[in-house]
1. Restricting to the stretch B:174-216, name every residue that is part of a helix (DSSP H, G or I), modelled with pLDDT of 90 or more and not hydrophobic (A, V, I, L, M, F, W, C).
2. Within the stretch A:135-156, how many residues are surrounded by fewer than 19 Cβ atoms within 10 Å (Cβ to Cβ) and touching a residue at least 24 places away in the same chain (Cβ under 8 Å)?
3. Return a yes/no flag: does the stretch A:119-133 have any residue that is more than 13 Å from chain B (Cβ to nearest Cβ), part of a strand (DSSP E or B) and closer than 24 Å to residue B:127 by Cβ.
4. Only one of B:292, B:253 is more than 22 Å from residue B:121 (Cα to Cα), at pLDDT below 95 and open to solvent by less than 10 Å² (accessible area, probe 1.4 Å); which?
5. Please find, within the stretch B:208-249, the residue that is farthest from residue B:332 (Cα to Cα) out of those that are touching a residue at least 60 places away in the same chain (Cβ under 8 Å), buried (at least 24 other Cβ atoms within 10 Å of the Cβ) and in contact with a Leu (Cβ under 7 Å, 6 or more places away or on another chain).
6. Any residue at all in the stretch B:157-173 that's more than 8 Å from chain A (Cβ to nearest Cβ), in contact with a strand residue (DSSP E or B) (Cβ under 9 Å, 6 or more places away or on another chain), in a loop (DSSP other than H, G, I, E, B) and crowded, with 21+ Cβ neighbours inside 10 Å?
7. Considering (1) within 24 Å of residue A:181 (Cα to Cα); (2) more than 10 Å from chain A (Cβ to nearest Cβ), say which one residue B:226 fails and leave the rest.
8. Tally up the residues in the stretch A:302-325 that are open to solvent by less than 70 Å² (accessible area, probe 1.4 Å) and assigned to a helix (DSSP H, G or I), please.
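The values are calculated or read from the model by the stated rules, or taken from the named source; none is laboratory data. Everything quoted here is computed from the prediction, not taken from an experiment. A quick note on method: Cβ atoms are made from the backbone with ideal geometry, for glycine too, and the neighbour counts reach across all protein chains shown. Protein only, heavy atoms only, side chains kept; ligands, DNA and RNA dropped before computing areas. Shrake-Rupley method; radii C 1.70, N 1.55, O 1.52, S 1.80 Å.
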There are 2 protein chains.
Amino acid sequence: MNKRIMRPRYNAFTVARATLSRLHHRRILTAPNPSEGFDFICYMASKAKSINKALNDAVPLGTNPLVLKIREAMRFSLLSNGKRVRPVLCLAACELVGGHESTAMAAACAVEMIHASSLIQDDLPCMDDECLRRGKPTNHKIFGEDVAILTADAFISLAVTHTVAATSENVPPARVLRAVTEMMKAVGTDGLVAGQAADLEGERMRLEENNMGLEHLEFTHVHKTAALLEAAAVMGGILGGGCDEEIERLRSYARCVGLMFQVVDDVLDVTKSSKELGKTTGRDLIAGKLTYPRVMGVEKSREYAEKLNREAWEHLRGFDQDKVAPLLSLADYIVSRQN
Amino acid sequence: MNKRIMRPRYNAFTVARATLSRLHHRRILTAPNPSEGFDFICYMASKAKSINKALNDAVPLGTNPLVLKIREAMRFSLLSNGKRVRPVLCLAACELVGGHESTAMAAACAVEMIHASSLIQDDLPCMDDECLRRGKPTNHKIFGEDVAILTADAFISLAVTHTVAATSENVPPARVLRAVTEMMKAVGTDGLVAGQAADLEGERMRLEENNMGLEHLEFTHVHKTAALLEAAAVMGGILGGGCDEEIERLRSYARCVGLMFQVVDDVLDVTKSSKELGKTTGRDLIAGKLTYPRVMGVEKSREYAEKLNREAWEHLRGFDQDKVAPLLSLADYIVSRQN
């Protein structure tokens, strides 16, 4: 095997190159690097292709004119050019515990639906009032607020029914039920709802840069971002047939990755342009919103992201090296992403 | 046993007394009446009491200040003085197939949560823009639109996790999964979302009183109202351990009751005052909204409701007379309700 080292941080990497290089170096010195020689770009592209096809099949336009607009709005948000981080995480977790991609594909699509649902809601005028998302107008700008809100509901419903329908033949009902419960926990007051509520509350309070601020920020992001990434990984582990210990290690890994994801997001918001990200940037700063760069500065935020990445790797130590490579590379990809 | 005949149509009944009396008479002449001698008022009050307690326990305020507002908003909408028709239906269906009340109580609470969620959304400014519900200000009027939208999500999530948590010890996972799937189908594009989308579309189109209008109206109400009542009954049947045939008969019964519920709702909107209903009335008429009285007139609408009631009864023919009495009386109660 002569796979090239293609981890994304060696491609589009500009910002934290030096720090990450040190981190990479440290890893190589202390332990063999399981993601070494793994072609992550190729892996990610191949998974994204399968996921996009599955998402397209999961939401047909149908023939009923009375729900056509909802279906169009669902397809508009779901089939836009997202990074598919959550579904890839789900599939990679499933494969890590010995499951086949097809076993977790419905769940992978489901978490992307939940993600799409939460983005539609976050963008509403009464929430973050965004008009740009992934380089296109936001859902409510095109379909209207009423349709956007119903579309968000439709996604939550479909996420459950789609997962159940697609797994019922191959996965024991107890496992499907456990997976669905994980997903729905990530939606409510233990997940996205709590995160968005805390986010809105934080904006209202315009907290100062102190410890209370950091606690609030951590709560917001653990719930707003990490919870669904956690559900994605855990669902993959459950449906793939993982044992409890494997599932819990996937959970710990995903929590780190999820928080890291948001720290990086906050950094990108102050260091990148709207064009580069495909969404309005700098708004957090203008709104005086609590973010990691605001609380601890850009450089310390990057260091924190790297620390979380190391912890994420640590949680997966001891798994089969070939099987763990995608998840480790995914963590690297998230910490070094540029959009 | 000397139970008094206390069906509600003999109490608060004023509008369609003559017609319903004929219907009742016809039943008595053709077959023994299983709801005869059943004290429905007492039954409903007792069930509502258990349900209200269970609902109160299902949504504790909790200690986290960052989600406190969401919890308050959930409790505000969930614990208001609703009629609890859906949860009673769920419990009665469970008991009909031989299950105990406690087996289906979580599901009964869950359908009420879904109902509360849909009411919160329907009332939003971008939907029906209501400021009054059950005699109190609507959720968004008190907590703001952002919190109201998150509260609606939180209910959908909790409906699933609560049902799973409360049934996992006593009900086989395959049945719990089936029940949860029924509930989530009732939320999405096969249920509430489709109904509300069609309702909004109908308002936009301001259809004339023709056959196309009636078809549209039927689609709207089957999805907006009947789907969740159907899920309530079917969930009760599934969790109570019913066989497929029993569950399907419960489904057919509930579809009739659900559509009938909405026909009666439309009639009440034009014949009752806001004070009597605890919500703004006459708005459908003013908005030129498609309703049964508008399409077929008040009298024909009442006749249609009675026809649906007869059909509902028919679907439950052959069940044990004592066990079926609550569901038959519930149908009678809905057709004759005054608020």
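1. Selection gives B:175, B:178, B:181, B:182, B:185, B:195, B:196.
2. 3
3. Checking the stretch A:119-133: at least one residue is more than 13 Å from chain B (Cβ to nearest Cβ), part of a strand (DSSP E or B) and closer than 24 Å to residue B:127 by Cβ.
4. Working: B:253 fails: at pLDDT below 95.
None of the others qualify; the one that does is B:292.
5. B:217
6. no
7. Exception for residue B:226: condition (1).
8. At the first step, the residues of the stretch A:302-325 found to be open to solvent by less than 70 Å² (accessible area, probe 1.4 Å) are A:302, A:304-306, A:308-309, A:311-313, A:315-316, A:319, A:324-325.
Add one more test, that the residue is assigned to a helix (DSSP H, G or I), and what stays is A:302, A:304-306, A:308-309, A:311-313, A:315, A:324-325.
Qualifying residue count, the stretch A:302-325: 12.
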